[in-house]
Amino acid sequence: MLRLVAGRILSSIGTLLFVGLALFALTRSGPGSPARIVLGADATTEQIAQFEQSHGLDRPFLSQYAAWLGDVMRGDFGKSFVTGRDVAAEIANALPVTLAIVLFAFLIALIFGIGIGVLAALKPGGVFDRVSRFAAVLGLSIPAFWLGIVLIRFLAVDLRWLPPGGYFPLSAGLSLHLQSILMPSVSLAVYYIAVLARMTQASLQETLRGDYVRTARAMGLSSRQVVFYALVNALPPVVNLAALSFGYMFGWALIIEQVFNIPGLSRALLNAISQRDFLLLQGIVFLFTAIFVCANLGADLINRVLDPRQRATA
């Protein structure tokens, strides 16, 4: 088991190293030097050469990448060529905002997605099953940004129940904090509620048809015990999908933040793109990659606990 966990961790680290290398190469594949962007079109050749030397841009590509990666592993993403500000500090200021929205949306998606899927699987062909199927199609079809606009129109403008945008940190009070992230989180969660509900229903229905479930019923286990036993065995594909959904949520959160005018990572990323701030862009994308890889690693480890067959092969 320990060898398998160590192997998965090493594989995840290898993925991060490869993505970091590709990201580093892509941000430097454009024409011209970052010095030209920072110093302007009127900069002389001597000024550009001095800028590149002071920032290590005159070194070989792999040497630059190794230095950047070593700093990243210590939590140092460098200082922006454009603004001169510390990249790690800028990410640290914006990350809690995006993380609050994503975590709340993920919690909503898990609770409602798995709950709806279980209820639909227990009574296949019933009214709830048919309604949930129709609702899942709607959830999969509605773009998150459009749903966000609709929620602003009705809940903020018409009913005045919630603020139309902006963000209040937890330090401003729990009520204000939840009000500011409720609509963005719901807009982000609806699609993944539908995805998780359909996967949970399909996996649980297949598990309930298994021979070992019929054996459990024949042994006299109660219906609640049988359902719980079947649900545990049906969870591995749901856990995998949930891990992927958690990673994808960070990508969609960038759009949702723009709809609700929330100063999260989306604003920092857009500023980095518009200003061609390579180090800030690298830091944000690398962070998203690390979150995605860690989420999938966590799913693999959870499935090792849930699935005895995987433990047996470890």
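The values are calculated or read from the model by the stated rules, or taken from the named source; none is laboratory data. This one's a predicted model, so the numbers in the text were calculated from it and none came from an experiment. Cβ: placed from backbone, ideal geometry, glycine included. Neighbour counts: every protein chain shown.
Considering only region 257-299, how many residues are at pLDDT 85 or above and charged (D, E, K, R)? Qualifying residue count for the region: 1. Residues that are touching a residue at least 12 places away in the same chain (Cβ under 8 Å) and in a helix (DSSP H, G or I) within region 271-286 comprise 272, 278, 279, 280, 281, 282, 283, 284, 285, 286, listed in sequence order. Just one of (1) in contact (Cβ under 8 Å) with a residue 24 or more places away in the chain; (2) under 30 Å from residue 99 (Cα atoms) fails for residue 179. It is (1).
Criterion applied to 51, 77, 104 was being within 17 Å of residue 282 (Cα to Cα), buried (at least 17 other Cβ atoms within 10 Å of the Cβ) and of a type in the set (Phe, Trp, Tyr), and the one residue passing it is 77. Residue 2 meets all of the listed conditions (1) at pLDDT 75 or above; (2) under 30 Å from residue 294 (Cα atoms) but one, namely (1). In region 244-260, is there at least one residue being touching a helix residue (DSSP H, G or I) at 6+ places or on another chain (Cβ under 6 Å), under 25 Å from residue 22 (Cβ atoms) and outside any helix (DSSP H, G or I)? No, the conditions are met nowhere in region 244-260. Look at (1) more than 13 Å from residue 101 (Cα to Cα); (2) surrounded by 23 or more Cβ atoms within 10 Å (Cβ to Cβ) and you find that residue 243 fails only one, number (2). Test residue 81 against the stated conditions and say whether it is closer than 22 Å to residue 48 by Cα and either among the aromatic types (Phe, Trp, Tyr) or in contact with a strand residue (DSSP E or B) (Cβ under 6 Å, 6 or more places away or on another chain) (or both). Yes: the conditions hold for residue 81.
When the helices (runs of 4 or more DSSP H) confined to region 1-87 are screened for residues that are under 24 Å from the mean Cα position of the chain (by Cα), those reaching at least 1 such residues are found at 2-27, 61-73.
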